[in-house]
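Colleague: Below you will find the structure I want to go over with you.
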Amino acid sequence: MIPPIELASAEEIKVFQEEKLKELLTYLAEKSRFYKKMFSDNAIDISQIKTLEDLQQIPVTTKTDLQQHNYNFLCVPKHEIIDYATTSGTLGKPVVVGLTDNDLDRLAYNEAISLACAGIKKGDVVQLMTTIDRGFVAGLAYFLGLRKIGAGVIRIGPRNPQLQWDSIVEHKPKYLIAVPSFLLKMIAYAEANQIDYNQLGVEGIICIGEALRTADLENNVLANRILEKWDVNLYSTYASTEMSTAFTECTYQNAGHLHPELIIIEVLDNQNNPVKDGEEGELTITTLGVEAMPLLRFKTGDIVTVFSEKCKCGRNTKRVGPVLGRKKQLVKYKGTSIYPPAIFDILNFFDSIKLYLVELHTNDIGNDEICVKIASDDVSEEFLNKVKSYLQSKLRVIPTIEFCELETLAKLVFNPNKRKPTYLIDYRI
Ligand SMILES: [Zn+2]
(Lines give C-alpha, C1' and ligand atoms only; values in the text may rest on other atoms or scores of the structure.)
Protein backbone atom coordinates (compact mmCIF):
# COMPACT_ATOMS: atom_id res chain seq x y z
CA MET A 1 0.00 0.00 0.00
CA ILE A 2 2.79 2.45 -0.88
CA PRO A 3 1.41 5.42 -2.89
CA PRO A 4 3.41 5.47 -6.19
CA ILE A 5 4.64 9.05 -5.65
CA GLU A 6 6.61 7.89 -2.58
CA LEU A 7 8.74 5.65 -4.79
CA ALA A 8 9.35 8.38 -7.39
CA SER A 9 12.63 10.32 -7.44
CA ALA A 10 13.21 13.26 -5.11
CA GLU A 11 12.97 15.61 -8.11
CA GLU A 12 9.64 14.09 -9.23
CA ILE A 13 8.29 14.43 -5.69
CA LYS A 14 9.33 18.10 -5.65
CA VAL A 15 7.56 18.84 -8.96
CA PHE A 16 4.48 16.97 -7.73
CA GLN A 17 4.40 19.04 -4.53
CA GLU A 18 4.86 22.29 -6.45
CA GLU A 19 1.70 21.53 -8.45
CA LYS A 20 -0.17 20.88 -5.19
CA LEU A 21 1.24 24.09 -3.73
CA LYS A 22 -0.18 26.15 -6.62
CA GLU A 23 -3.62 24.64 -6.01
CA LEU A 24 -3.34 25.46 -2.31
CA LEU A 25 -2.35 29.09 -2.91
CA THR A 26 -5.28 29.63 -5.27
CA TYR A 27 -7.61 28.06 -2.71
CA LEU A 28 -6.28 30.20 0.16
CA ALA A 29 -6.43 33.42 -1.87
CA GLU A 30 -10.07 32.71 -2.55
CA LYS A 31 -11.32 31.19 0.71
CA SER A 32 -9.12 32.09 3.68
CA ARG A 33 -9.74 35.45 5.34
CA PHE A 34 -6.43 35.21 7.18
CA TYR A 35 -4.29 34.42 4.13
CA LYS A 36 -6.18 36.78 1.81
CA LYS A 37 -5.24 39.62 4.17
CA MET A 38 -1.71 38.33 4.60
CA PHE A 39 -1.12 38.17 0.83
CA SER A 40 -2.48 41.68 0.38
CA ASP A 41 -0.64 43.19 3.39
CA ASN A 42 2.63 41.77 2.10
CA ALA A 43 1.98 42.43 -1.62
CA ILE A 44 2.35 38.77 -2.46
CA ASP A 45 1.48 37.79 -6.01
CA ILE A 46 0.69 34.08 -5.65
CA SER A 47 1.19 33.49 -9.37
CA GLN A 48 4.89 34.17 -8.71
CA ILE A 49 5.17 31.37 -6.15
CA LYS A 50 6.08 28.42 -8.35
CA THR A 51 8.68 26.33 -6.56
CA LEU A 52 9.14 25.07 -3.01
CA GLU A 53 12.03 27.54 -2.68
CA ASP A 54 9.64 30.40 -3.57
CA LEU A 55 7.76 29.65 -0.34
CA GLN A 56 10.44 31.67 1.40
CA GLN A 57 8.88 34.85 -0.04
CA ILE A 58 5.76 34.26 2.08
CA PRO A 59 5.76 35.14 5.81
CA VAL A 60 5.45 32.23 8.23
CA THR A 61 2.29 31.55 10.22
CA THR A 62 2.77 31.24 13.99
CA LYS A 63 0.83 29.63 16.83
CA THR A 64 -0.01 33.16 18.00
CA ASP A 65 -1.61 33.89 14.59
CA LEU A 66 -3.74 30.79 15.04
CA GLN A 67 -4.68 31.74 18.61
CA GLN A 68 -5.55 35.33 17.76
CA HIS A 69 -7.32 34.78 14.43
CA ASN A 70 -8.54 31.21 14.90
CA TYR A 71 -11.78 31.47 12.91
CA ASN A 72 -10.25 33.60 10.13
CA PHE A 73 -8.35 30.47 9.10
CA LEU A 74 -11.57 28.61 8.36
CA CYS A 75 -12.19 28.27 4.61
CA VAL A 76 -15.67 26.72 4.84
CA PRO A 77 -18.96 27.80 6.44
CA LYS A 78 -19.51 26.50 9.95
CA HIS A 79 -22.21 24.04 8.93
CA GLU A 80 -19.65 22.08 6.90
CA ILE A 81 -17.51 21.34 9.96
CA ILE A 82 -18.05 17.74 11.06
CA ASP A 83 -15.40 17.36 13.74
CA TYR A 84 -14.15 20.04 16.13
CA ALA A 85 -10.64 19.09 17.18
CA THR A 86 -8.62 21.14 19.64
CA THR A 87 -4.89 21.42 20.17
CA SER A 88 -3.62 20.31 23.57
CA GLY A 89 -2.70 23.87 24.54
CA THR A 90 0.70 22.86 25.93
CA LEU A 91 1.92 26.35 25.05
CA GLY A 92 -0.96 28.71 25.69
CA LYS A 93 -4.56 28.90 24.56
CA PRO A 94 -5.88 25.80 22.72
CA VAL A 95 -6.77 26.30 19.05
CA VAL A 96 -9.90 24.89 17.44
CA VAL A 97 -9.22 22.97 14.24
CA GLY A 98 -12.37 22.19 12.26
CA LEU A 99 -12.49 19.22 9.89
CA THR A 100 -15.00 18.74 7.07
CA ASP A 101 -16.23 15.41 5.79
CA ASN A 102 -13.49 15.48 3.12
CA ASP A 103 -10.90 16.36 5.78
CA LEU A 104 -11.93 13.27 7.75
CA ASP A 105 -11.41 11.19 4.59
CA ARG A 106 -8.01 12.81 4.15
CA LEU A 107 -7.20 12.12 7.80
CA ALA A 108 -8.18 8.46 7.37
CA TYR A 109 -6.05 8.15 4.21
CA ASN A 110 -3.12 9.83 5.97
CA GLU A 111 -3.27 7.47 8.91
CA ALA A 112 -3.89 4.39 6.76
CA ILE A 113 -0.73 4.97 4.69
CA SER A 114 1.20 5.93 7.84
CA LEU A 115 0.23 2.84 9.82
CA ALA A 116 0.73 0.66 6.74
CA CYS A 117 4.23 2.16 6.58
CA ALA A 118 4.89 0.55 10.00
CA GLY A 119 3.59 -2.79 8.68
CA ILE A 120 -0.06 -2.88 9.79
CA LYS A 121 -2.20 -4.82 7.30
CA LYS A 122 -5.80 -5.77 6.65
CA GLY A 123 -6.94 -8.32 9.22
CA ASP A 124 -4.43 -7.33 11.92
CA VAL A 125 -5.84 -6.59 15.36
CA VAL A 126 -4.69 -3.34 16.97
CA GLN A 127 -5.22 -2.19 20.55
CA LEU A 128 -5.68 1.58 20.77
CA MET A 129 -4.27 2.81 24.09
CA THR A 130 -4.79 6.53 23.54
CA THR A 131 -7.79 8.72 24.12
CA ILE A 132 -10.22 9.20 21.24
CA ASP A 133 -12.38 11.89 22.87
CA ARG A 134 -11.70 15.34 24.40
CA GLY A 135 -11.10 16.87 20.98
CA PHE A 136 -8.00 14.71 20.47
CA VAL A 137 -7.46 14.26 16.75
CA ALA A 138 -4.82 11.51 16.87
CA GLY A 139 -7.08 8.89 18.48
CA LEU A 140 -9.76 9.57 15.90
CA ALA A 141 -7.17 9.44 13.10
CA TYR A 142 -5.91 6.03 14.28
CA PHE A 143 -9.41 4.64 14.36
CA LEU A 144 -10.29 5.99 10.91
CA GLY A 145 -6.97 4.87 9.43
CA LEU A 146 -7.21 1.36 10.85
CA ARG A 147 -10.78 1.09 9.57
CA LYS A 148 -9.58 2.10 6.12
CA ILE A 149 -6.82 -0.51 6.21
CA GLY A 150 -9.35 -3.12 7.31
CA ALA A 151 -7.66 -3.80 10.65
CA GLY A 152 -9.61 -4.65 13.80
CA VAL A 153 -9.51 -2.01 16.54
CA ILE A 154 -9.86 -2.47 20.30
CA ARG A 155 -10.42 0.97 21.82
CA ILE A 156 -9.21 0.60 25.40
CA GLY A 157 -7.99 4.16 25.81
CA PRO A 158 -5.14 5.31 28.04
CA ARG A 159 -3.99 4.07 31.48
CA ASN A 160 -5.18 1.05 33.52
CA PRO A 161 -2.57 -1.71 32.94
CA GLN A 162 -4.91 -4.45 34.22
CA LEU A 163 -7.56 -3.59 31.63
CA GLN A 164 -4.91 -3.40 28.91
CA TRP A 165 -3.51 -6.84 29.77
CA ASP A 166 -6.98 -8.40 30.10
CA SER A 167 -7.75 -7.19 26.59
CA ILE A 168 -4.41 -8.35 25.19
CA VAL A 169 -4.96 -11.83 26.68
CA GLU A 170 -8.50 -11.92 25.30
CA HIS A 171 -8.01 -10.48 21.79
CA LYS A 172 -4.30 -11.18 21.09
CA PRO A 173 -3.66 -7.88 19.24
CA LYS A 174 -0.62 -7.95 16.95
CA TYR A 175 -0.05 -4.21 17.38
CA LEU A 176 -0.55 -1.65 20.13
CA ILE A 177 -0.70 2.13 19.77
CA ALA A 178 0.57 3.69 22.99
CA VAL A 179 2.63 6.32 24.79
CA PRO A 180 6.01 4.61 25.28
CA SER A 181 6.65 5.55 28.94
CA PHE A 182 3.35 3.83 29.76
CA LEU A 183 4.80 0.61 28.33
CA LEU A 184 7.29 0.59 31.22
CA LYS A 185 4.35 0.66 33.63
CA MET A 186 2.70 -2.15 31.67
CA ILE A 187 5.86 -4.26 31.97
CA ALA A 188 6.21 -3.57 35.71
CA TYR A 189 2.55 -4.49 36.23
CA ALA A 190 2.91 -7.69 34.20
CA GLU A 191 5.96 -8.74 36.20
CA ALA A 192 4.25 -8.07 39.51
CA ASN A 193 1.21 -10.09 38.41
CA GLN A 194 2.90 -13.03 36.66
CA ILE A 195 1.67 -12.06 33.18
CA ASP A 196 3.96 -13.67 30.62
CA TYR A 197 3.90 -10.69 28.29
CA ASN A 198 6.43 -12.05 25.84
CA GLN A 199 4.11 -14.95 25.01
CA LEU A 200 1.00 -12.93 24.18
CA GLY A 201 1.71 -12.27 20.49
CA VAL A 202 2.26 -8.50 20.47
CA GLU A 203 4.68 -7.90 17.59
CA GLY A 204 4.78 -4.15 17.16
CA ILE A 205 3.95 -0.99 19.07
CA ILE A 206 3.31 2.37 17.44
CA CYS A 207 4.54 4.94 19.95
CA ILE A 208 3.23 8.48 20.22
CA GLY A 209 3.97 11.54 22.32
CA GLU A 210 7.54 10.75 23.32
CA ALA A 211 10.67 10.13 21.29
CA LEU A 212 12.18 6.67 20.83
CA ARG A 213 15.36 7.74 19.06
CA THR A 214 18.25 10.07 19.73
CA ALA A 215 19.09 12.87 17.27
CA ASP A 216 21.27 10.44 15.28
CA LEU A 217 18.48 7.82 15.22
CA GLU A 218 19.89 5.38 17.78
CA ASN A 219 17.40 3.96 20.29
CA ASN A 220 17.12 6.29 23.28
CA VAL A 221 17.08 5.18 26.92
CA LEU A 222 13.30 4.77 26.95
CA ALA A 223 13.29 2.53 23.86
CA ASN A 224 16.17 0.44 25.20
CA ARG A 225 14.47 -0.06 28.56
CA ILE A 226 11.33 -1.37 26.85
CA LEU A 227 13.24 -3.57 24.39
CA GLU A 228 15.49 -5.18 26.98
CA LYS A 229 12.36 -6.70 28.55
CA TRP A 230 9.84 -6.99 25.77
CA ASP A 231 10.60 -8.62 22.41
CA VAL A 232 8.63 -6.23 20.18
CA ASN A 233 9.28 -3.72 17.40
CA LEU A 234 8.83 -0.07 18.34
CA TYR A 235 7.79 2.44 15.68
CA SER A 236 7.67 6.14 16.33
CA THR A 237 4.84 8.27 15.02
CA TYR A 238 4.64 12.05 15.21
CA ALA A 239 1.73 14.33 14.34
CA SER A 240 -0.17 17.35 15.59
CA THR A 241 -3.73 18.57 15.42
CA GLU A 242 -2.75 21.59 13.33
CA MET A 243 -1.03 19.55 10.63
CA SER A 244 -3.61 16.74 10.48
CA THR A 245 -0.82 14.60 9.08
CA ALA A 246 1.38 11.91 10.62
CA PHE A 247 5.04 11.01 10.17
CA THR A 248 5.42 7.33 11.02
CA GLU A 249 8.48 5.12 10.86
CA CYS A 250 8.61 2.29 8.34
CA THR A 251 9.81 -1.19 9.29
CA TYR A 252 13.42 0.10 9.18
CA GLN A 253 12.62 2.34 12.16
CA ASN A 254 14.73 5.29 11.11
CA ALA A 255 12.56 8.44 11.44
CA GLY A 256 8.99 9.11 10.30
CA HIS A 257 8.21 9.20 6.58
CA LEU A 258 6.61 12.25 4.97
CA HIS A 259 3.70 11.59 2.62
CA PRO A 260 4.09 14.03 -0.31
CA GLU A 261 0.39 14.19 -1.18
CA LEU A 262 -0.41 15.56 2.26
CA ILE A 263 2.22 17.98 3.48
CA ILE A 264 5.22 20.13 2.55
CA ILE A 265 7.89 20.61 5.20
CA GLU A 266 10.66 23.10 5.81
CA VAL A 267 13.16 23.24 8.66
CA LEU A 268 13.86 26.84 9.67
CA ASP A 269 16.26 28.66 11.96
CA ASN A 270 15.39 31.58 14.29
CA GLN A 271 15.47 34.03 11.35
CA ASN A 272 13.13 31.77 9.33
CA ASN A 273 15.90 30.76 6.94
CA PRO A 274 16.14 27.10 5.95
CA VAL A 275 18.82 25.20 7.87
CA LYS A 276 21.33 23.03 6.00
CA ASP A 277 20.27 19.47 5.24
CA GLY A 278 20.65 17.34 8.37
CA GLU A 279 20.78 20.29 10.80
CA GLU A 280 18.21 20.80 13.52
CA GLY A 281 15.62 23.55 13.26
CA GLU A 282 11.94 24.29 13.66
CA LEU A 283 9.60 22.10 11.64
CA THR A 284 7.44 24.34 9.46
CA ILE A 285 4.58 22.80 7.54
CA THR A 286 2.23 23.54 4.66
CA THR A 287 -0.79 21.25 4.55
CA LEU A 288 -1.99 19.84 1.22
CA GLY A 289 -5.54 18.77 0.48
CA VAL A 290 -7.04 20.23 3.66
CA GLU A 291 -10.44 21.85 3.11
CA ALA A 292 -11.50 23.52 6.38
CA MET A 293 -8.30 24.87 7.89
CA PRO A 294 -5.32 24.61 5.56
CA LEU A 295 -2.06 26.10 6.86
CA LEU A 296 0.73 27.75 4.93
CA ARG A 297 4.25 27.80 6.39
CA PHE A 298 3.00 27.09 9.90
CA LYS A 299 5.81 27.00 12.46
CA THR A 300 5.07 24.04 14.70
CA GLY A 301 7.44 25.00 17.53
CA ASP A 302 8.96 21.50 17.33
CA ILE A 303 12.71 21.18 16.87
CA VAL A 304 13.64 18.31 14.57
CA THR A 305 16.19 17.08 12.06
CA VAL A 306 15.06 15.97 8.61
CA PHE A 307 16.73 13.14 6.69
CA SER A 308 16.61 13.22 2.89
CA GLU A 309 18.52 10.18 1.65
CA LYS A 310 16.57 7.26 0.15
CA CYS A 311 15.26 4.82 2.76
CA LYS A 312 15.95 1.08 2.65
CA CYS A 313 12.18 0.53 2.31
CA GLY A 314 12.35 2.05 -1.19
CA ARG A 315 10.57 5.30 -0.37
CA ASN A 316 12.27 8.47 -1.53
CA THR A 317 10.34 10.72 0.81
CA LYS A 318 11.93 12.85 3.52
CA ARG A 319 11.94 11.54 7.07
CA VAL A 320 11.40 13.58 10.22
CA GLY A 321 13.59 12.61 13.18
CA PRO A 322 12.55 12.71 16.84
CA VAL A 323 11.21 15.94 18.30
CA LEU A 324 14.22 17.11 20.31
CA GLY A 325 12.08 19.64 22.15
CA ARG A 326 9.82 22.62 21.81
CA LYS A 327 11.55 25.75 20.63
CA LYS A 328 10.10 27.82 23.52
CA GLN A 329 11.32 25.30 26.06
CA LEU A 330 15.01 25.58 25.25
CA VAL A 331 16.99 26.02 28.47
CA LYS A 332 20.39 27.69 28.68
CA TYR A 333 21.92 26.20 31.78
CA LYS A 334 25.51 26.78 32.90
CA GLY A 335 26.59 27.34 29.32
CA THR A 336 24.78 24.31 27.90
CA SER A 337 21.63 24.38 25.74
CA ILE A 338 19.17 21.70 26.77
CA TYR A 339 15.72 20.67 25.60
CA PRO A 340 13.81 19.17 28.56
CA PRO A 341 12.98 15.85 26.77
CA ALA A 342 16.70 15.04 27.03
CA ILE A 343 16.32 15.18 30.84
CA PHE A 344 13.19 13.02 30.74
CA ASP A 345 15.03 10.37 28.77
CA ILE A 346 17.87 10.26 31.32
CA LEU A 347 15.40 9.92 34.22
CA ASN A 348 13.69 7.05 32.37
CA PHE A 349 16.90 5.09 32.89
CA PHE A 350 16.21 4.56 36.61
CA ASP A 351 13.79 1.83 37.63
CA SER A 352 13.44 3.34 41.12
CA ILE A 353 12.16 6.66 39.77
CA LYS A 354 8.39 6.31 39.68
CA LEU A 355 7.54 9.80 38.51
CA TYR A 356 9.34 13.02 37.68
CA LEU A 357 8.65 16.64 36.98
CA VAL A 358 11.06 19.19 35.58
CA GLU A 359 10.56 22.81 36.62
CA LEU A 360 12.22 25.76 34.92
CA HIS A 361 12.77 29.00 36.80
CA THR A 362 14.51 32.32 36.24
CA ASN A 363 17.00 33.14 39.01
CA ASP A 364 17.63 36.64 40.39
CA ILE A 365 20.31 37.40 37.83
CA GLY A 366 18.00 36.43 34.97
CA ASN A 367 19.48 33.00 34.16
CA ASP A 368 17.59 29.74 33.67
CA GLU A 369 17.46 27.29 36.55
CA ILE A 370 16.35 23.65 36.32
CA CYS A 371 14.78 21.83 39.26
CA VAL A 372 14.07 18.12 38.82
CA LYS A 373 11.51 16.69 41.25
CA ILE A 374 11.51 12.92 41.54
CA ALA A 375 9.39 10.38 43.38
CA SER A 376 11.64 7.40 43.97
CA ASP A 377 11.63 4.07 45.83
CA ASP A 378 15.21 4.79 46.75
CA VAL A 379 15.82 8.14 48.48
CA SER A 380 19.33 7.40 49.71
CA GLU A 381 22.26 9.77 49.27
CA GLU A 382 23.94 7.05 47.25
CA PHE A 383 21.08 6.85 44.76
CA LEU A 384 20.95 10.65 44.48
CA ASN A 385 24.65 10.66 43.63
CA LYS A 386 24.07 7.97 41.01
CA VAL A 387 21.37 10.07 39.34
CA LYS A 388 23.59 13.15 39.49
CA SER A 389 26.56 11.43 37.94
CA TYR A 390 24.40 9.97 35.16
CA LEU A 391 22.99 13.45 34.42
CA GLN A 392 26.51 14.85 34.44
CA SER A 393 27.74 12.23 31.96
CA LYS A 394 24.82 12.68 29.54
CA LEU A 395 24.00 16.40 29.89
CA ARG A 396 27.37 17.72 31.06
CA VAL A 397 25.57 19.67 33.81
CA ILE A 398 23.67 18.71 36.96
CA PRO A 399 20.32 20.36 37.65
CA THR A 400 18.97 20.73 41.21
CA ILE A 401 17.30 17.47 42.27
CA GLU A 402 14.60 17.16 44.93
CA PHE A 403 12.91 14.02 46.24
CA CYS A 404 9.11 14.30 46.47
CA GLU A 405 6.24 12.12 47.66
CA LEU A 406 4.64 10.21 44.79
CA GLU A 407 1.18 11.48 45.66
CA THR A 408 2.24 15.14 45.71
CA LEU A 409 4.01 14.82 42.38
CA ALA A 410 1.16 12.87 40.77
CA LYS A 411 -1.20 15.76 41.51
CA LEU A 412 1.04 18.09 39.51
CA VAL A 413 1.80 15.70 36.65
CA PHE A 414 -1.67 14.25 36.12
CA ASN A 415 -3.75 17.40 36.08
CA PRO A 416 -7.35 16.31 35.31
CA ASN A 417 -7.86 19.47 33.24
CA LYS A 418 -5.05 18.52 30.86
CA ARG A 419 -5.22 15.87 28.18
CA LYS A 420 -1.60 14.79 28.59
CA PRO A 421 0.59 14.35 31.69
CA THR A 422 2.65 17.45 32.47
CA TYR A 423 6.32 16.54 32.94
CA LEU A 424 7.50 20.12 32.51
CA ILE A 425 6.39 23.34 34.16
CA ASP A 426 8.00 26.49 32.85
CA TYR A 427 7.93 29.29 35.45
CA ARG A 428 10.51 31.39 33.63
CA ILE A 429 9.83 35.10 33.16
ZN1 LIG B 1 11.47 3.69 5.07
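The values are calculated or read from the model by the stated rules, or taken from the named source; none is laboratory data. Everything numeric here is computed off the predicted structure, so don't read it as measured data. So basically every Cβ, Gly included, is an ideal-geometry build from the backbone, and we count neighbours across all protein chains shown. Note: areas computed on protein heavy atoms with side chains; ligands, DNA, RNA excluded. Shrake-Rupley method; radii C 1.70, N 1.55, O 1.52, S 1.80 Å.
Colleague: Just to verify a number: FRET efficiency for ILE365 and LYS122, C-beta to C-beta distance, R0 = 45 Å, to 0.05?
Modeller: On the way: r = 61 Å, r/R0 = 1.36.
Calculated value: 0.15.
Colleague: Over the heavy atoms of ASP41, what accessible area does a 1.4 Å probe trace out, to the nearest 10 Å²?
Modeller: 100
Colleague: Project the alpha carbons of the chain onto their principal axes and report the range along each, largest first, in whole Å.
Modeller: Answer, in whole Å and largest first: 67, 59, 42 Å.
Colleague: How much of the calculated P(r) for segment 86-171 lies past 16 Å, in percent of all Cα pairs? Let's see the in-between values first.
Modeller: Values: 2139 of 3655 pairs.
Across segment 86-171, Cα pairs with separations above 16 Å total 59 percent.
Colleague: At 7 Å along Cα-to-Cβ for each site, give me the label-to-label distance between LYS78 and LYS172 in nm.
Modeller: Between LYS78 and LYS172, the simple spin-label model gives 5.1 nm.
Colleague: Taking N as the number of residues in segment 149-228, what is its Cα Rg relative to 2.2 N^0.38 Å?
Modeller: Details: Rg = 13.0 Å, N = 80, 2.2 N^0.38 = 11.6 Å.
Scaled against compact globular proteins, the figure is 1.12.
Colleague: What is the diffusion coefficient of segment 360-429 in µm²/s, taking the Kirkwood radius over Cα pairs and the Stokes-Einstein relation at 20 °C with a viscosity of 1.002 mPa s? Intermediate values should be presented prior to the final figure.
Modeller: On the way: Rh = 13.7 Å.
Answer, rounded: 156 µm²/s.
Colleague: How far, in degrees from 0 to 90, does helix 161-171 lean away from the longest principal axis of the Cα atoms of the chain, to the nearest 10?
Modeller: Computed tilt is about 70 degrees.
Colleague: Related question: How big, in percent, is the set of alpha carbon pairs in segment 86-232 lying more than 26 Å apart? Display every interim value, and only then the final one.
Modeller: Numbers: 3052 of 10731 pairs.
Tail of the P(r) past 26 Å holds 28 percent of the pairs.
Colleague: For ILE398, project a label point 7 Å along Cα to C-beta. Then give me every residue of segment 350-385 with its amide nitrogen under 14 Å of that point.
Modeller: The answer is 372, 381-385, whose backbone nitrogens lie closer than 14 Å to the label point.
Colleague: Under the classification rounded if a/c is under 1.5, otherwise prolate if a/b is larger than b/c and oblate if not, where does segment 167-210 fall, given a ≥ b ≥ c as square roots of the Cα gyration tensor eigenvalues?
Modeller: Oblate.
Colleague: Something else about it: Using the alpha-carbon centroid of each, what span in Å lies between segment 182-230 and segment 239-291?
Modeller: 26
Colleague: How big is segment 4-159 in terms of Cα radius of gyration and Dmax, in angstroms?
Modeller: Here Rg and the maximum Cα pair distance are 18.3, 53 Å.
Colleague: Okay, next question. With every protein chain in place, what's the accessible area of TYR423 (1.4 Å probe, Å², nearest 10)?
Modeller: Roll a 1.4 Å probe over it and TYR423 shows about 40 Å².
Colleague: Next question, about the same structure. At 7 Å along the Cα-to-beta-carbon direction for both ALA410 and THR64, put a label point, then send me their distance in nm to one decimal.
Modeller: About 4.0 nm, to one decimal.
Colleague: Please report the spacing between the Cα centers of segment 354-406 and segment 303-326 in Å, no decimals.
Modeller: 32
Colleague: Compute the length gained on full extension between ASP351 and GLN56: take 0.36 nm times their separation in residues and subtract their Cα-Cα distance, giving the result in nm to one decimal. Kindly include the intermediate steps, with their values, before the conclusion.
Modeller: Details: separation 295, 0.36 × 295 = 106.20 nm, distance 4.71 nm.
Answer, rounded to one decimal: 101.5 nm.
Colleague: If exposed GluC sites (Glu not before Pro) are those in a DSSP loop with at most 15 other Cβ within 10 Å, what is the longest stretch of the chain that has none?
Modeller: On the way: sites that count: GLU203, GLU218, GLU228, GLU279, GLU309, GLU405.
For GluC sites (Glu not before Pro) (loop position, at most 15 other Cβ atoms within 10 Å), the longest site-free span of the chain is 1-202.
Colleague: Rounded to the nearest percent, how much of the accessible area of the chain (1.4 Å probe, protein heavy atoms only) is carbon and sulfur? Could you put the intermediate results ahead of the total?
Modeller: Numbers: 9750 of 19620 Å².
On the chain, the fraction of accessible area on carbon and sulfur atoms equals 50 percent.
Colleague: Under 12 Å Cα to Cα from LYS14, which aspartates and glutamates show up? Leave out anything in the same chain fewer than 8 places away.
Modeller: Straight-line reach from LYS14, under 12 Å: GLU6, GLU53, GLU261.
Colleague: Give me the Kirkwood hydrodynamic radius of segment 189-315, using the inverse of the mean 1/r over all pairs of distinct Cα atoms, in Å to one decimal. Before the final figure, lay out each step's value.
Modeller: Details: mean 1/r = 0.0607 Å⁻¹.
When all Cα pairs of segment 189-315 are included, the Kirkwood radius is 16.5 Å.
Colleague: How much area per residue is accessible in the chain when the probe is 1.4 Å and only protein heavy atoms are counted (Å²)? Before the final figure, lay out each step's value.
Modeller: Values: 19620 Å² over 429 residues.
It amounts to 46 Å² per residue over the chain.
Colleague: Here is a follow-up. Can you give the translational diffusion coefficient of segment 1-94 in µm²/s, computed by Stokes-Einstein from the Kirkwood radius over Cα pairs at 20 °C and 1.002 mPa s? Mind showing how you got there, number by number?
Modeller: Numbers: Rh = 15.7 Å.
Approximately 137 µm²/s, per Stokes-Einstein.
Colleague: Just in segment 285-364: which trypsin sites (Lys or Arg not before Pro) are loop by DSSP and have at most 11 other Cβ atoms within 10 Å? Could you put the intermediate results ahead of the total?
Modeller: On the way: sites: ARG297, LYS299, LYS310, LYS312, ARG315, LYS318, ARG319, ARG326, LYS327, LYS328, LYS332, LYS334, LYS354; in loops: ARG297, LYS310, LYS312, ARG315, LYS318, LYS334.
Sparse-neighbourhood loop trypsin sites (Lys or Arg not before Pro): LYS312.
Colleague: Could you calculate the contour length gain from ILE154 to LYS312, that is, 0.36 nm times the residue separation minus the distance between their Cα atoms, to one decimal place in nm? Don't skip to the end; give the middle numbers.
Modeller: Values: separation 158, 0.36 × 158 = 56.88 nm, distance 3.15 nm.
Full extension of this stretch gives 53.7 nm more.
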